[in-house]
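Quick note: the coordinates plus some simple rules give every number you see, no bench work behind them. The structure presented is a predicted model; accordingly, all values stated were derived computationally and were not measured. FYI the Cβ positions are ideal-geometry reconstructions off the backbone, even for glycines, and counts take in every protein chain you see.
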Amino acid sequence: MKLRERSEIDRPASLVWRYISTPELFLQWNERIVEMEARGAFRTGQHFHTRYAWKQRELQCWSQITKLDEGRMLELRHGNCSGSGIRRAIEVVERITLEEKGGRTIVTKDVVIRNSGVHWFVVPLIWFINRFSKPVQLDKLKAMCEGGA
């Protein structure tokens, strides 16, 4: 299953990149993350423990930075997850891409979920809702980068 979110931030990519590549700032805007062991700056190959809150459930995963293209793209792989109702075989790949156009940054967040246990006939419905629904909450990354948080 693949999910995608896009937002446009009225700031240059170099500023937005700080919020993507610094674990402490990443933790502040990504409201699903409760705790992350990473500190300083993300680096390719780095492994760390991440604790999430999702739909009133907590899950813990081992995370790894699988790709990092300075100023443009960060990819994380989350696996070996545990928590109530979570399949141990689940794997989540999260890719955040920045593209600057005229001093504004287009942020694309792609999430690929494998071995989730979601029935195959529900996957198109989830995709449709994700693709065509409007965001329910404020984009915290946008607010932080533009000075509103």
Roughly speaking, what is the centre-to-centre gap between region 62-102 and region 13-46 when only Cα atoms are used, to the nearest Å? 11 Å
Evaluated at q = 0.16, 0.20, 0.23 Å⁻¹: base-10 log I(q)/I(0), Debye formula over Cα of region 1-96: -0.69, -1.07, -1.36
Aspartates and glutamates whose Cα lies under 19 Å from that of K101, excluding same-chain neighbours fewer than 8 positions away: E5, E8, D10, D69, E70, E146
Simple SL model, points at 7 angstrom along Cα→Cβ for W62 and R4; separation in nm is 3.2 nm
